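**Q** What follows is a single structure, and I will ask about it in a moment.
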Amino acid sequence: MTTSVNDETLREEVRQWLSENWAREIADELESEAPTHYTASPALRSWLGKVFDARWSAPRWPEEWFGRGLSNDQAKIVEREFAKVKAPGTGQDRVNLWANTLLAQGQPGLKEKLVGPLLKSEVNMCLLYSEPGAGSDLAGIRTRADLQGDEYIVNGQKVWTSGATTADYGMLIARTDWDVPKHDGISFFFCPMKQPGVEVRPLRQITDESHFNEVFLSNAVVPAENLLGKPGSGWRVLNTALAYERSVMGETARGSRGGTGLGLGAVTEAQPLIALAREAGRLDEPHLRQQVAQTISYRRLNALNTARAKADLAQGTSSSIMSLGKLAMSRILHEEARLRTEILGAESMLEGEDYPQAVDANFLSLNAYFTSIGGGTDQIQRNIIGERVLGLPKEPEVDKTIAFRDVKTGVGSG
Ligand SMILES: Cc1cc2nc3c(=O)[nH]c(=O)nc-3n(C[C@H](O)[C@H](O)[C@H](O)COP(=O)(O)OP(=O)(O)OC[C@H]3O[C@@H](n4cnc5c(N)ncnc54)[C@H](O)[C@@H]3O)c2cc1C
């Protein structure tokens, strides 16, 4: 156990542990297993279990929550040592959306039950936020949760739910009070997904993949102890959770069709563009060189900006600077995809296994919309930056102060 150690002793301890546990075979096994979306492979789970047992998963967290109570600077030492040997699993106190949200807002029983399994990726999760009539205007949700005894009964529909087919729990926002303004009547839950009241129907995306789903909730049962925060304070819980999600999207992105882009997956760097330009015999063209250099600089700048935002988050504030990182990443991904297409020239119009570079370029062009829509669209990030960072006047919201029951809408009311 490492409480109050000096930096050198800590660094030595991590190195020693990694040299005893992170074997070449484990790395190969993780690499060889086909990546799956939203679920960890058996090899990854087994490795995460080891990391957890050694208390490296969330080193900033206190000992009672499986951590080591390290300062941010010392936790970074641990992360750097893991990164040097390319071992995943540490730093989850920064990037594990589910575990961070639960630890901050959950009731003791639920935390005891799920924080550990979440750190080990033994539990699969999804986000039950968006609805057919409530995406950007998320506070307009109409899924309802009614308390009956010690259970909430949930009815409504969610959409664009990534990973719902494999999820054990969904982080759910639902309306528990219709007589207060829209932001005040929402509650936040961990909703068990494997139950008769939850029906999941897959949707097909522009990339021909199917990670999205519609989720129909018909008298779904959520134990009252799965409520996070107080009844009606779900909007606050949601904002902390969204900031974590944006920070992950702000620093990671899917590279090719296989990667997950959700924290533990691959992080694409701009350097593959150098390799692509070299392969295409175009690395000497000043115009292309300049554009490649620019995307690399944007990535670096964005990494620094995201680090600044994370420091805010560590202080317990949901930083609006996260929105800047997410917006920047979305622009970077579109620009990199465009640049790939420019480097490949006419070849980018081809498809099929003889043209893997073109397949990648086309996939990445379409997939760039993942980041510019998911987790809040680019336009919504701009609104947040305008209002909260630049201090511009707020958008008019005519329904902000009236009881949600009285909000005029084409959708049936509660
Ligand atoms: C890859 C991906 C994964 C996703 N995963 C999930 C998930 O797991 N769970 C989940 O709950 N949801 C998920 N979503 C849904 C996502 O959060 C919503 O699509 C998003 O919030 C936008 O909502 P909407 O689709 O209803 O569009 P709308 O809100 O209807 O927006 C339509 C257009 O209007 C613009 N617009 C709307 N309001 C304003 C405004 N006030 N100012 C300026 N422009 C505005 C938007 O920017 C957009 O261009 C995912 C989406 C994607 C793309």
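Coordinate-derived values only; no laboratory data. For clarity, every value in this text was computed on a predicted model and none was experimentally measured. A quick note on method: Cβ atoms are made from the backbone with ideal geometry, for glycine too, and the neighbour counts reach across all protein chains shown.
**Q** Just the Cα atoms of the range 125-231: what Rg and Dmax do they give in Å?
**A** When restricted to the Cα atoms of the range 125-231, Rg and Dmax are 13.3, 45 Å.
**Q** In Å and whole numbers, how far do the C-alpha atoms of the chain stretch along each principal axis, longest first?
**A** The Cα atoms of the chain stretch 65, 54, 44 Å along the principal axes, largest first.
**Q** Now, a different point. Return the lysines within reach of Lys76: Cα separation strictly under 27 angstrom, same-chain partners fewer than 8 residues apart disregarded; answer none if there are no such residues.
**A** The qualifying lysines are Lys50, Lys84, Lys86, Lys111, Lys120, Lys310, Lys326.
**Q** Still on this structure, I have one more. Under a 10 Å cutoff between Cα atoms, tell me which one of His183, His334, His287 has the largest fluctuation in the Gaussian network model of the chain.
**A** His287
**Q** If you build a Gaussian network model of the chain, linking Cα atoms that sit under 10 Å apart, which residue out of Ser210, Ser121, Ser130 swings the most?
**A** Of the options given, Ser210 has the highest mean-square fluctuation.
**Q** Under 16 Å between alpha carbons, and skipping anything fewer than 8 positions from Lys400 in its own chain: which lysines qualify?
**A** Cα-Cα hits under 16 Å: Lys182, Lys408.
**Q** Under 17 Å from the Cα of Lys113, which aspartates and glutamates turn up, not counting those fewer than eight places away in the same chain?
**A** Answer for Lys113, where 17 Å is the Cα cut-off: Asp53, Glu63, Glu64, Glu122, Asp168, Glu225, listed by chain and number.
**Q** Something else about it: Please give me the summed charge of the neighbours of Gly49: other residues whose Cβ is under 11 Å from its Cβ, Lys and Arg +1, Asp and Glu -1.
**A** The answer is +1.
**Q** Helix-only estimate, please: 222 nm mean residue ellipticity of the chain, summing -39500 (n - 2.57) across DSSP H runs of length 4 or more and dividing by its residues, to the nearest 500.
**A** Using -39500 (n - 2.57) per qualifying helix, the result is -14000 deg cm²/dmol.
**Q** Sticking with this structure for a sec: Would you mind computing, in nm to one decimal, how far apart the modelled labels at Asp73 and Lys408 are, each placed 7 Å from Cα along Cα→Cβ?
**A** 5.9
**Q** What distance in nm separates the two pseudo spin-label positions at Arg204 and Asp399, each 7 Å out from Cα along the beta-carbon direction?
**A** 3.3
**Q** Mind checking which of Leu390, Leu70, Leu228 has the largest fluctuation in a GNM of the chain, springs on alpha carbons under 10 Å?
**A** Leu390
**Q** Still on this structure, please answer the following. If you count the DSSP beta bridges with both ends in the chain, what percent of them are antiparallel, to the nearest 5?
**A** Approximately 85 percent, going by the DSSP bridge assignments.
**Q** Something else: By Kyte-Doolittle mean hydropathy of at least 0.0 and Cα axial length of at least 30 Å, which whole DSSP H helices of the chain are selected?
**A** Membrane-span-like by this rule: 321-344.
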